[in-house]
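What follows is one structure encoded as structure tokens, with my remarks underneath.
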Amino acid sequence: MPVETLQEKLVYGRPQVLADVPNHYCPGCGHGIIHKLLAQCIDELGIQQTTILVAPVGCSVLAYNYIKVDGCEAAHGRAPAVATGIKRVHPEATVIAYQGDGDLLAIGTAETIHAANRGEKITVIFVNNAIYGMTGGQMAPTTLQAQKTKTSPYGRNPADVGYPIRACELINTLDAPVFIERCAVSSVKGILKTKRAIMKGLRNQVEKKGYSFIEILSMCPTGWGMEPREAAAWVDSDMTPVFPLGNLRDR
Amino acid sequence: MYEGLFFAGFGGQGIILAGKIVCLAAMGEGKHVSHIPSYGAEMRGGTANCSVVVSDDEIASPLVPRPSACIVMNKPSLLKFQSIVQVGGLLLWNESLIDLAPSRTDIETLAVKANEIAEAAGSYKAANMVMLGALLKRKPDIASLEAVIGVLGVAVSVRHRELNDINRKALTGGYERA
Amino acid sequence: MAVTLMKGNEAIGEAAIIAGCRHYFGYPITPQNELPAYMSMRLPKVGGTFLQAESEVAAINMVLGASAAGARVMTSSSSPGVSLKMEGISYLSGAELPAVVVNMMRGGPGLGNIAGAQGDYFQAVKGGGHGDYHCIVLAPNGVQELADLTVKAFDLADQYRIVVIILGDGFIGQMSEPITLPAPSGRVFDKSAWMLSGATGRDPHVIASMRLAPDDALAHLNARLQDKYRVIEKAECMWEKSQADDAEFLLVGFGLSARICRSSVSALRKAGVRAGLFRPITLWPFPSGELARAAAGKKKILVVEMNAGQMVEDVRLSVLSSVPVDFLGTLGGVTPSVDEIVERVRSYAR
């Protein structure tokens, strides 16, 4: 009788560039998934040694502790400006601005629009969870109509504070960006699509194409007051009608 | 020697340039110089002025609160600035555009038909050069007429250099009639 | 090198290029517009980058990025714009990043006016942004010194990993004077231990001011900053004295005020009053010890500033009660006159 030997074959593992440390994110938070996807893409493109990550102010303020590439802190909203400065000094590097909704669409709107409009050859990863997580669940520029937060306790009232802003559609009015896509990490299918979008956004830099913008709808169970499973379902049921998924531009 | 000069007129009369030309010429003849223009909103169609110091010694303050010689190219400048000329100082005024003689009696005044002389030289735009020529005649210590003519090539911007023939004639015209 | 007639704002630009600055980020504001215009014309010709940012806030954060990436980088503005840069200056200071920031001061507060003024002394010297930090503050008094100190500013910034502010005023920025362009200092600073360039063959570098853990991490960062500031205070004070040794009355001023003071000293000496001048060139670190020595035995000190009395506080702290200190200030972009300074000092002599 032939003897079968068991051969070890690794089919799935921690990306090399993802630090093997416990992270500070809440259970069910999307940042952990998105960090992993970003790390996988960096590994697969082999750009660990040429990537510079700009971390925002917000829950992902410590992103540079989890993804083992050169990292830079940015003041609240200024990640695209900091990324611009870095990229203009090191045009060969892959420069990523990782931002949340308050950072990108409230305090940093000017920096967001103008970096996109200049066509800075950077990749912006925009994590939209419709709330300010780090400061304890306040209303964000992407908070949905009637959504209750710490600073919209009766629900967001558009007559008073306007409607949620759609970043992809806003940036899609500009001529310079080469890639704009909205994804969601609320399902396995969505996660796979998100990875493809991040991959494309990074490859655009490697190929010196131009500015890429990837918006990722993500869960904030703590801020929303939901169970993780409930939060993922809420992304699909409530967020995607307001923030439709899909590619808006791919040049 | 020490001369604190003040040039005033309306934007477009070449006030700042006249001051710069004096600096370049005097610098070339070994003098210390400084030049402070008026700037910003007031220059856009309003009045323009500049303060110039020419001195044998190093210049401490570049400000000219009481000029030893003052050139005024239009009426508002005469009305505004004749009072700052130091007692015994010199006031050159553009008679072509000012219908009112200076009221000061404790200073030396000289009326110059700058626009007419400039027209005769080829363009009214060279009126600033006429005034400058007159100044050089009355204040020969500042710089020689030759030195001033010599710096026109570098001082005047490329797009206006074709006017330098006219500028030269205007400078000489002002010098001769002062 | 040949003597050329240069405007202050343009002299800074050329001196920065001589110093190896190849990145400039800025936003238009009077009275410093000649500097970005100059950089936009010159930098592309020397392989550099000029970028007009969407705001002063964005500009200073582009400076932060470029500095983190290891470049010699500069921004410039005037008072209201520099207020907007304060956030970035605090972050640069916390992350210990070198940068050169030019402030051609104008009249304030608020939009104020566009005349030269010295009302931002407190902002530059005492902080301006949040947290315990200092910038080295250089106060040139004319076009030659603007150029010379610009070259020095880049070296100081790199040597100490600190923000250096060149604190001029609208008059000095707009003024033209003959200058000899400075030579490069030739000093080279190795940034390889901290700059961001991609983690090739080394562990990743992180540039950040935030220190959350352990509990005393931020205290350690601050202690290191303070140690660095003490070293700078000892090593980098600059000042100028003229006719001060035998003087009975000492004038103290910086920048343009100091030049008006020097004219006043000449006028006073002609009138038989023994006056002298002490001019701080570094406003931080403030040359306190040197001023105290220069002031010893004087009958009175007169501090002249184009503000309501800012540097005078540091002068008083320097001499304490050993010499009486008087103040003469002009407000809203008005310059002090030699006559009023002379009159004030003569009143002491009477």
Exercise for the section: Sort out which residues of the range B:117-156 are outside any helix (DSSP H, G or I) and not hydrophobic (A, V, I, L, M, F, W, C), and write them in order of number. Expected result: B:Gly122, B:Ser123, B:Lys139, B:Pro140, B:Asp141, B:Ser144
Exercise for the section: State whether the residues of the range B:158-176 include one that is in contact with a Leu (Cβ under 6 Å, 6 or more places away or on another chain), open to solvent by 10 Å² or more (accessible area, probe 1.4 Å), at pLDDT below 95 and part of a helix (DSSP H, G or I). Expected result: yes
Exercise for the section: From (1) away from chain C (no Cβ under 13 Å); (2) under 13 Å from the mean Cα position of the chain (by Cα), pick out the condition that doesn't hold for B:Pro37. Expected result: (1)
Handout entry: Selected residue (only one of A:Gly85, A:Gly102, A:Gly77 is touching a Phe, Trp or Tyr at 6+ places or on another chain (Cβ under 6 Å) and open to solvent by less than 20 Å² (accessible area, probe 1.4 Å))
Key = A:Gly102
Completion exercise
Every listed condition ((1) surrounded by fewer than 20 Cβ atoms within 10 Å (Cβ to Cβ); (2) away from chain B (no Cβ under 14 Å); (3) closer than 29 Å to C:Val334 by Cα) holds for C:Leu149 save (1)
Handout entry: Candidate set from the range C:211-230 (those that are in contact (Cβ under 8 Å) with a residue 12 or more places away in the chain and more than 17 Å from C:Leu283 (Cβ to Cβ)); member that is nearest to the other protein chains (Cβ to nearest Cβ)
Key = C:Leu221
Completion exercise
When every residue in the range A:108-130 that is open to solvent by less than 10 Å² (accessible area, probe 1.4 Å) and assigned to a helix (DSSP H, G or I) is compared, the one nearest to the other protein chains (Cβ to nearest Cβ) is A:Glu111
Practice task
Please tell me if C:Gly20 is surrounded by fewer than 24 Cβ atoms within 10 Å (Cβ to Cβ) and either within 10 Å of chain A (Cβ to nearest Cβ) or on the phi > 0 side of the Ramachandran plot (or both).
Solution key: yes
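In this structure, is C:Leu97 in the same structural domain as C:Asp190 (by TED's automatic domain parsing) and either surrounded by 20 or more Cβ atoms within 10 Å (Cβ to Cβ) or under 16 Å from the mean Cα position of the chain (by Cα) (or both)?
Here the answer is yes, as C:Leu97 does meet what is asked.
Would you check which residues across the range A:66-79 are touching a residue at least 24 places away in the same chain (Cβ under 8 Å) and at the interface with chain C (Cβ under 8 Å from one of its Cβ atoms) and list them?
A:Lys68, A:Val69, A:Arg78
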Practice task
Determine whether the range A:35-53 contains at least one residue that is open to solvent by 10 Å² or more (accessible area, probe 1.4 Å), within 30 Å of A:Gly137 (Cα to Cα) and not in a helix (DSSP H, G or I).
Solution key: no
Practice task
Taking C:Ile172 as the residue in question, decide whether it is closer than 14 Å to C:Ile12 by Cα, crowded, with 23+ Cβ neighbours inside 10 Å and either away from every other protein chain (no Cβ under 14 Å) or among the polar types (S, T, N, Q) (or both).
Solution key: no
Practice task
State yes or no: is C:Val188 on the phi < 0 side of the Ramachandran plot, open to solvent by 50 Å² or more (accessible area, probe 1.4 Å) and more than 14 Å from chain A (Cβ to nearest Cβ)?
Solution key: yes
Handout entry: Residue pairs meeting the criteria (Cβ under 8 Å; at least 6 apart or on separate chains; first within 12 Å of another protein chain (Cβ to nearest Cβ), in the range A:31-60; second open to solvent by 40 Å² or more (accessible area, probe 1.4 Å) and among the β-branched types (Val, Ile, Thr))
Key = A:Ile47/A:Val206; A:Gln49/C:Thr200; A:Thr50/C:Thr200
Fill in the blank from the handout: If we ask which residues in the range C:107-146 are of a type outside the set (Gly, Ala, Ser), more than 14 Å from the chain's Cα centre (by Cα) and either open to solvent by 20 Å² or more (accessible area, probe 1.4 Å) or within 20 Å of C:Val334 (Cα to Cα) (or both), their number turns out to be 7
Problem - Qualifying positions in the range C:237-253 - touching a strand residue (DSSP E or B) at 6+ places or on another chain (Cβ under 6 Å) and more than 14 Å from every other protein chain (Cβ to nearest Cβ) - result: C:Cys237, C:Met238, C:Trp239, C:Lys241, C:Ala244, C:Ala247, C:Phe249, C:Leu250, C:Val252
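The values are calculated or read from the model by the stated rules, or taken from the named source; none is laboratory data. Because the structure is a prediction, the values reported are computed rather than measured. Reconstructed Cβ throughout: ideal geometry from the backbone, glycine too, with neighbour counts over all protein chains shown. Surface accessibility is based on the protein's heavy atoms, side chains included, excluding ligands, DNA and RNA. Shrake-Rupley method; radii C 1.70, N 1.55, O 1.52, S 1.80 Å.
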